[in-house]
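So the structure is just underneath, and the comments pick up after that.
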Amino acid sequence: METELISEDVACSETLNTIYERRAVRRYKDIPVDHEMITRILDAGRMAPSAINRQPWKFYILTGKETIKAFSKEIAKVTARSFVKTHSGGDILKTAIEFLHMLKEGDLFKRPDPIFHTAPVVIFIAAPRENEWAPLDIGMCAQNMMLAAKALGLDSCPVGLAKYVEQTKIFSRLQVPFSEQVHMAVILGYGDETPEVHKRIRDNAFFIE
Ligand SMILES: Cc1cc2nc3c(=O)[nH]c(=O)nc-3n(C[C@H](O)[C@H](O)[C@H](O)COP(=O)(O)O)c2cc1C
């Protein structure tokens, strides 16, 4: 069951405000992001907790318009194929629904940049392959970065599809060593849309005495 968030309760805290105001933004202004801002956002990511304090994250950062466009185009090419392959063997209906949701969310076929949404900064986040906790660590790192971005007046979007970059023919341009796996990307920029808040599911907490 979906219900509205009780957001007036949180207006008293800057941190909570930032959490509640962050959205996945998929349209950006053609304004570059200052290098200093990127550094501050990376530092916020580095402050995330990590299992056994391994700090496994590695950041591969794109800021060139043409480079971002090229990666977006190549990832879009391999996305549909990879998505179906990854989800095959499971519930085919569920896979189809998830894929349709993804297309709708990203308006994949309508927008000029279906993967990176015209953002001026793309940060791929990778980690050593043998680290079983890396996906959790990276999720925390990415969320820190997105909240820091919001606090600094920027918008962001997590891009899970970015992991398919490994299957593109231009992957070697990122210079990610084979020992590392790309898990996702965070895109950053000055947002050019104000997405609606998605209602949150609230009947998912179970208190056990
Ligand atoms: C692990 C993960 C992967 C995601 N991958 C994508 C993606 O590839 N493309 C995209 O446009 N949004 C992606 N999103 C954004 C979600 O669609 C978005 O966070 C969700 O719809 C909730 O919206 P909100 O962030 O505005 O609250 C991803 C989010 C997460 C957490």
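The values are calculated or read from the model by the stated rules, or taken from the named source; none is laboratory data. Because the structure is predicted, anything quoted here is derived from the model rather than measured. For neighbour counting, all protein chains shown are included, and Cβ atoms are generated from backbone atoms with ideal geometry for every residue, glycine included.
Starting from the stretch 19-40, take each residue that is away from the ligand (no atom under 11 Å from the Cβ) and list its partners that are of a type in the set (Ser, Thr, Tyr), counting only C-beta distances under 6 angstrom and pairs at least six apart or across chains.
Once the first residue is away from the ligand (no atom under 11 Å from the Cβ) and sits in the stretch 19-40, its partners that are of a type in the set (Ser, Thr, Tyr) give Tyr28/Thr118; Lys29/Tyr190; Ile31/Tyr190.
Output the residues belonging to the stretch 157-189 that are touching a residue at least 60 places away in the same chain (Cβ under 8 Å), out of contact with any helix residue (DSSP H, G or I) (no Cβ under 6 Å at 6 or more places or on another chain) and of a type outside the set (Lys, Arg).
Hits for the stretch 157-189 are Cys157, Ala162, Leu174, Gln175, Val176, Glu180, Ile187, Gly189.
State whether the residues of the stretch 82-97 include one that is modelled with pLDDT of 95 or more and outside any helix (DSSP H, G or I).
For the stretch 82-97, residues modelled with pLDDT of 95 or more and outside any helix (DSSP H, G or I): absent.
Just to check your reading of the model, which residue among Asp203, Asp192 is more than 16 Å from the ligand (Cβ to nearest atom) and out of contact with any helix residue (DSSP H, G or I) (no Cβ under 9 Å at 6 or more places or on another chain)? Break it down stepwise before answering.
On the way: Asp192 fails: more than 16 Å from the ligand (Cβ to nearest atom).
Among Asp203, Asp192, only Asp203 is more than 16 Å from the ligand (Cβ to nearest atom) and out of contact with any helix residue (DSSP H, G or I) (no Cβ under 9 Å at 6 or more places or on another chain).
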